[in-house]
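The values are calculated or read from the model by the stated rules, or taken from the named source; none is laboratory data. In this text, all values refer to a predicted model and were calculated from it rather than measured experimentally. Neighbour counts run over all protein chains shown; Cβ positions are idealised from the backbone, glycine included.
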Amino acid sequence: MITEYIKHISSVRGYSPLTCLAYEKALRHFSAWANANLERPRWRNINRHILDQYIIDCVAAGAAPTTTNLRLSAISGLYNFMKEIGYRVENPCQYESRRKLAQTTPNIIPQKDLREAYDHSAGVTRVMLGLLICSGIRIGELMALEFHDIDTDANTIRVHGKGAKDRLIHVPAHVLQEIKSVKEHCPKNGRLFTIGEREARKLIYEALKPYSNAAQLSPHAIRHTFATNLAAQGVNVCTIGTILGHEHIETTQKYIDMAAAQKCEAPITNSIIK
């Protein structure tokens, strides 16, 4: 059942490979715990009492709140999937409260650091940096871009987001022009980037490292920077959420709160790459 569910969230729901891997690891962990602690370890026999004991054991083993919450999300998703395909089961996570998390501030990278990294990069790395900085898309969405997703007339890119939901994002014309530098190395009508996500993350990190001491030098930190600066410019939460491809407004609200708590620079889409 776990394998079937992971295939479903990958092919139908459009979850990223990393998320699918994390969910599978979480479900395997719960399955191993159930086999070791229950007399009849069947999915239909799992109830709220059993789940509470699992949470207690996770906490006792030193699992962080984020880890426990991810495991609960994976279990809940599996049960919802089982119900969708006809199994008569009850979701034991239905009324389960997630563990409270410490309030964290999204990692951002100073705009001058991003500008320096972009100005001193070239080729594929420069193209990836430019698109990340000016659109705030996820690394998985970046790697999935194909040439037919680029509209140089409208200056937009079509992003294939989570849950198989597409969205259009405006990108400065000169950034799209940079794509010509890598086009000759890619198959016609194929993906912009033929490298894997791990290699892409490494290239981004190596491009940023000489110019920034930010706590996190990653594509997601660039995404945080993009969103926070849009919020500082006064862009409303719904618009930011649409640009970022968020399903829930609560996910976007943290950027509004962060921008209100500190004075942020002007949006990177207007100031970093000219």
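Listed conditions (1) at pLDDT below 90; (2) surrounded by fewer than 20 Cβ atoms within 10 Å (Cβ to Cβ) are all met by P92, apart from (2).
Limited to the range 217-233, what total is found for residues that are of a type in the set (S, T, N, Q) and closer than 18 Å to S16 by Cβ?
The initial filter retains those residues of the range 217-233 that are of a type in the set (S, T, N, Q), namely 218, 225, 228-229, 233.
Next, from what is left, pick out any that are closer than 18 Å to S16 by Cβ: 218.
Adding up the residues that qualify gives 1.
Specify which of the listed residues (A227, A231, A207) is modelled with pLDDT under 85 and buried (at least 20 other Cβ atoms within 10 Å of the Cβ).
When all the criteria are applied, what remains is A231.
Restricting the range 132-161 to residues that are part of a loop (DSSP other than H, G, I, E, B) and of a type in the set (G, A, S), which is surrounded by the fewest Cβ atoms within 10 Å (Cβ to Cβ)? That would be A154. Going through (1) part of a loop (DSSP other than H, G, I, E, B); (2) within 20 Å of E90 (Cα to Cα) one by one, R13 falls short only on (2).
Anything in the range 142-182 that is over 22 Å from T125 (Cβ atoms), at pLDDT below 85 and in contact with a strand residue (DSSP E or B) (Cβ under 7 Å, 6 or more places away or on another chain)? List them, or say none. Once the filter is applied, which keeps residues that are over 22 Å from T125 (Cβ atoms), at pLDDT below 85 and in contact with a strand residue (DSSP E or B) (Cβ under 7 Å, 6 or more places away or on another chain), the range 142-182 yields only G161. Reported count of residues in the range 23-45, each being among the basic types (K, R) and either crowded, with 17+ Cβ neighbours inside 10 Å or part of a helix (DSSP H, G or I) (or both), is 3. Counting only residues that are hydroxyl-bearing (S, T, Y) and modelled with pLDDT under 90, the range 62-86 holds 4 of them.
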